[in-house]
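Data first, discussion second: the structure below is written as structure tokens.
The values are calculated or read from the model by the stated rules, or taken from the named source; none is laboratory data. Since this is a predicted model, take the numbers as computed values, not measurements. Reconstructed Cβ throughout: ideal geometry from the backbone, glycine too, with neighbour counts over all protein chains shown.
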């Protein structure tokens, strides 16, 4: 089945996810915030981090790995700098809440930084960016999981890091620039999907446990497991290695909780920072510069075989606009994976808009 074959309305998918997470015990605005965050990832084309994560999250709620109710604990608050202990509350909800607080505080201080320790998994980082860029604000989000090790330092074969994603949203005088990258060549989610489908990586993206480069995702699930390669691969992987060290310092170092505590459950340490250009060189000047830069990139001559030069976010925003009109195309298998949970909770799955 092609991903384009079946489409659902955004409202129906958010309603479906909201009903599932409410039935699973999440309180207040958590069900809708989680559902909307996952659907936003699918809207932007990040299908490994959209509703595909819902069965895992619902399973974590069932086994006690995710806390369904309550608020984060304020560890420190100095106005422009805040630290929370998330107590394993839903990471998508915690991050959305942190972005909202950072936006509010940045209007006073010009910048605001929120770090969270002991959150649950936060989903797709790009899904949070337009909350800030739509207000003319620049935002940076980083995340790591101190309980997971699947990426080795450059020059090594013993895993230390997670893929350590970093996302940046930059407003311009047109569409925002939406950057979502990681310190590794690919993610654990994509590796798992390719393995389930019997496919290989498009290139040499991993190492076996013996340190041999490979394009086989099965190497990551062997005993002992191999590792994902950092960005730059076997040639320039010191670049991804450096990025991983930065992300882990921003998330685990600043939050005061990480690998040194040897946590044994899925979770996240999170860094959120919002900058208000009006507090620096001016809002109009910022948008003029970023817009000029984005347009200069797009105006460049493409390499042979490429139709145009894109700016990060161009493809995702185009997909989102189409999905808002025609419905969201979900990756095959996502709705089927949710059916047993829907039956368990007595929730009716939505019908496709193109049924």
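Numbers below:
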| quantity | calculated |
| --- | --- |
| Segments classed as helices (runs of 4 or more DSSP H), wholly inside the range 54-161, with at least 3 members that are under 25 Å from residue 27 (Cβ atoms) and out of contact with any helix residue (DSSP H, G or I) (no Cβ under 8 Å at 6 or more places or on another chain) | 54-63, 91-109 |
| So residue 338, is it surrounded by 12 or more Cβ atoms within 10 Å (Cβ to Cβ), closer than 30 Å to residue 19 by Cβ and at pLDDT 95 or above | yes |
| Single residue of 324, 330 found to be under 23 Å from the mean Cα position of the chain (by Cα) and modelled with pLDDT of 95 or more | 324 |
| Number of the condition not met by residue 15 [criteria: (1) over 29 Å from residue 112 (Cα atoms); (2) assigned to a loop (DSSP other than H, G, I, E, B)] | (2) |
| Flag if residue 18 is surrounded by 17 or more Cβ atoms within 10 Å (Cβ to Cβ), under 18 Å from residue 338 (Cα atoms) and modelled with pLDDT under 95 | no |
| When residues of the range 196-207 are limited to those that are without any contact (Cβ under 8 Å) to a residue 40 or more places away in the chain and over 20 Å from residue 332 (Cβ atoms), the one surrounded by the fewest Cβ atoms within 10 Å (Cβ to Cβ) | 203 |
| Unmet criterion (only one of (1) under 23 Å from residue 255 (Cα atoms); (2) touching a helix residue (DSSP H, G or I) at 6+ places or on another chain (Cβ under 8 Å)) for residue 51 | (1) |
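Conditions (1) in contact with a strand residue (DSSP E or B) (Cβ under 8 Å, 6 or more places away or on another chain); (2) part of a helix (DSSP H, G or I); (3) modelled with pLDDT of 95 or more, marked per residue:
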{"site": "247", "(1), (2), (3)": "yes, yes, yes"}
{"site": "266", "(1), (2), (3)": "no, no, no"}
{"site": "272", "(1), (2), (3)": "yes, no, yes"}
{"site": "295", "(1), (2), (3)": "no, yes, yes"}
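Condition check ((1) modelled with pLDDT of 95 or more; (2) in contact with a helix residue (DSSP H, G or I) (Cβ under 7 Å, 6 or more places away or on another chain); (3) crowded, with 17+ Cβ neighbours inside 10 Å) across all residues:
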residue: 188; (1), (2), (3): no, no, yes
residue: 216; (1), (2), (3): yes, no, yes
residue: 257; (1), (2), (3): yes, no, yes
residue: 281; (1), (2), (3): yes, no, no
